[in-house]
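Throughout, read-outs are computed from the coordinates displayed, never taken from laboratory work. Just so it is clear, the model here is predicted, and its values are computed rather than measured. Neighbour counts are summed over all protein chains in view; Cβ atoms, including those assigned to glycine, are modelled from backbone coordinates with ideal geometry.
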Amino acid sequence: MKERGIHPKWDKLIVLENGLGDHLAFVGILPEIKEKYKECNIVIAVCYPEVFEDHPDINLISIDAARKMINI
């Protein structure tokens with residue numbers, strides 16, 4: 001992942017490869033995740049990036065980009 005710009009020691013990669021409802025539910029717990037990983041750069045791989053429009057501090061990538069990063 002490091003060669004693709006994700007550094008596990010200080011970045012937190014979360015993959016949300018699921019439906020719109022799950023994305024919306026995840027936004028509900030996002031404040032707790034931000035607090036838990038406040039020392040990290042949070043990167044979320046998503047199917048529905050529009051759900052995170054109110055969270056410009058979160059770095060979004062595509063599911064395909066996440067797959068390439070972790071070689072699956």
* How much FRET efficiency would the formula 1/(1 + (r/R0)^6) give for residue 65 and residue 35, where r is the Cβ-Cβ distance and R0 is 30 Å, rounded to 0.05? -> 0.70
* Structure fact -> The summed charge of the residue 43 Cβ neighbourhood (under 9 Å; Lys/Arg +1, Asp/Glu -1) stands at 0
* Which shape class, rounded, prolate or oblate, goes with the range 17-72 when its Cα gyration tensor gives a ≥ b ≥ c as root eigenvalues, a/c under 1.5 marks rounded, and past that a/b bigger than b/c marks prolate? -> oblate
* To do: Tell me which residues come under 5 Å, amide H to amide H, from residue 12 once H is placed; ignore anything under 5 positions away on its chain.
  => 41, 42, 43
